[in-house]
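J.: Got a structure for you, written out below as structure tokens; questions coming shortly.
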Amino acid sequence: MTLPVTTPRFAALGDPYSTAYPTRPLPTPTLLHLNVALAESLGIGPEDRATPEFASILAGNAPWPGFEPRASVYAGHQFGQFVPQLGDGRALLIAEIDDRAGRGHEIQLKGAGPTPYSRHADGRAVLRSSIREYLCSEAMHALGIPTTRALALIGSPQPVRRETIETAAVVCRVAPSFVRFGHFEFWYYRGEPERLQPLADHVIERHFPEFADRPDRYAAWLTEVVSRTARLMAQWQAVGFCHGVMNTDNFSALGLTIDYGPFGFLDAFDSHHICNHSDEGGRYAWDRQPVIGQWNCTKMLQACLPLLASEPKAAVEIAQPIADGYARAYGEAMIAAWRGKLGLQTAQDGDEGLINRWLSLLQGSRADFTRSWRHLSAVSSAEGSSADLVRDEIADIAAFDAWLPDYQARLRAEGSVDGERAARMNAVNPKYVLRNHLAQRAIERAEAGDAREVEHLFTLLSRPFDEQPEHEAYAAEPPPEARQIEVSCSS
Ligand code: AMP
Ligand code: MG
């Protein structure tokens, strides 16, 4: 193979930050899906992709020649409780590839065997959760939301015990960096603050070079991390994405969506929706995501205090305004996203009321989140004109009929042109999202040996804003029996 592969720069930080550990081969691995577009963008051409060597590497059955896989150590706040040591328990960094533009992409295998951080767990990932991560990370990318990517999905008949016996799979993930808030928390709470600086310097030099030469590089970087996290939360809210396990070890220092477990997209809108069956208290309910994002940022800032000043009091004085920036960044991004989804191009007094009334009428009707927003684009701004498509989604007709004239008046107040607005709205209100019942069907078929539905969903969700009339059924609400699907931390 003639790939532009290098030793991951993260590995140069050396042993305390990560540990070399071999992958553990799986029996008869099968390449269930390859993300050809991503492979191409990484410079992995057809000849390389066709080699048996490449397939073995993706499965973790052969190392990338000349490089030892590594697992990194991190800590994290899980459901509010600090856990001093987690780490890559089932993920191994196997290489870094520089794309044609010279940007580095870390290649990680999830499920390729235990590591020093597995904590008695098996180091495996089941096919079910691997399909979900594989499809959702690419669906999020297509929605324009920062995320880790997925290059390949490999299945194996190797049995894996969860609540039942399932089979193993490996997801080959790709990201500029997999560094999490928890990587910083690990050293801070361990009482080795001197370890923070090399880690932060690596992240800044590789991923935030614009701050590298500034005297306040750590403050500038953390300000950007907080702002990216706040904006990411607004993006999740806007498409009805629920992450499910917003622990600080699942929060990226680059502001990427990372670690797809018991996630879900809102179907019938309930702002208190809890997508993770294991989250009994609803800590990570949809409407709590923004405040949890903020809480996580404060944990990240706390862990990074020693970077900001040697005197704790002085460090807090620098950190506080950075933390305060979250609410502002989130508020601005969220109102802009809601306005965009309503097709509004200007900011006017009363917009927040209009948005909130629309959301409460969706809530009151338990209307389908994705379909209701999508169908709003067909509304005409003309006074007295009806809006049948979206009206059909709403059970509380009286509330809708009271709201509609105000929305139409608001559109007229900025001289909104129907066709243009519809095109704008359809570019931000997706028609297709990875609803649980769609993922579940693909999983059941793949478990029975047929991965074609994975391919089908992958292709469909790569164009979530396009009408794709031949796939109309994929835009439907879940059938009643599918509303019971439960997803939990088991993966
Ligand atoms: P998660 O909830 O998937 O983000 O995982 C939380 C922590 O548990 C991380 O440190 C994972 O690496 C680890 N972990 C989860 N599942 C496994 C597994 N099957 N084997 C080893 N480590 C695991
Ligand atoms: Mg995780």
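Nothing in this text is a laboratory measurement; each read-out follows from the coordinates by a stated rule. Note that the structure is a prediction, hence the values are computed from the model and not measured. Every residue, glycine as well, gets a Cβ built from its backbone with ideal geometry; the counts of neighbours run over all protein chains shown.
J.: When Rg is the radius of gyration of the Cα atoms in segment 1-121 and Rh is its Kirkwood radius, what does Rg/Rh come to?
T.: 1.00
J.: Hey, if you put +1 on the Cβ of every Lys and Arg and -1 on every Asp and Glu Cβ in segment 344-415, which of Ala409, Gly353, Ser372 ends up farthest toward the positive end of that dipole?
T.: Of the candidates, Ser372 comes out farthest on the positive side.
J.: Still on this structure, I have one more. So if I take the centroid of the Cα atoms in segment 254-316 and the same for segment 404-478, what is the distance between those two points in Å?
T.: Between the Cα centre of segment 254-316 and that of segment 404-478, the gap is 27 Å.
J.: From the gyration tensor of the Cα coordinates in segment 232-390, what semi-axes in whole Å does the equivalent ellipsoid have, largest first, with each one equal to sqrt(5λ)?
T.: Each semi-axis is √(5λ); the values are 35, 20, 11 Å.
J.: Take the Cα gyration tensor of segment 344-415, multiply each eigenvalue by 5, square-root it, and list the three semi-axes largest first, rounded to whole angstrom.
T.: Each semi-axis is the square root of five times an eigenvalue, giving 19, 14, 11 Å.
J.: Continuing with this model, one more query. Using r as the Cβ-Cβ distance of Leu31 and Ala212, and R0 as 25 Å, what FRET efficiency do you calculate, to the nearest 0.05?
T.: After rounding to 0.05, the efficiency reads 0.05.
J.: With each pseudo-label sitting 7 Å past Cα toward Cβ, what's the Arg463-Thr7 distance in nm, one decimal?
T.: 4.5
J.: Rank by packing, highest mean first: peptides 11-18, 141-148, with packing defined as the count of other Cβ atoms within 10 Å averaged across residues.
T.: Packing order, densest peptide first, comes out as 141-148, 11-18.
J.: At q = 0.13, 0.24 Å⁻¹, what is the base-10 log of I(q)/I(0) for segment 62-122 according to the Debye formula with one equal point scatterer per Cα and no solvent? Please give it to two decimals.
T.: Normalising to I(0) and taking log10 leaves -0.44, -0.98.
J.: I've got another one for you. Under 16 Å from the Cα of Lys341, which lysines turn up, not counting those fewer than eight places away in the same chain?
T.: Within reach: Lys431.
J.: Taking the Cβ-Cβ separation of Arg162 and Asp388 as r and a Förster radius of 41 Å, what is the calculated FRET efficiency to the nearest 0.05?
T.: Rounded to the nearest 0.05, the efficiency is 0.35.
J.: I've got another one for you. So in the chain, which Cys have no other cysteine's beta-carbon sitting under 4.7 angstrom from theirs?
T.: Cysteines of the chain left without a disulfide-compatible partner: Cys136, Cys172, Cys297, Cys304, Cys489.
J.: Which three extents, in angstrom, do the Cα atoms of the chain have along their principal axes, listed largest first?
T.: That gives 69, 60, 44 Å along the principal axes, largest extent first.
J.: Now a separate question. To make sure I understand, if each residue's beta carbon is the centre and we count other beta carbons within 10 Å, what order do Glu138, Glu224 fall in, fewest to most?
T.: Final ranking by Cβ density, sparse to dense: Glu224, Glu138.
J.: So which lysines pass the test for Lys313, namely a Cα distance under 18 Å, with those fewer than 8 places away in the same chain ruled out?
T.: Cα-Cα hits under 18 Å: Lys299.
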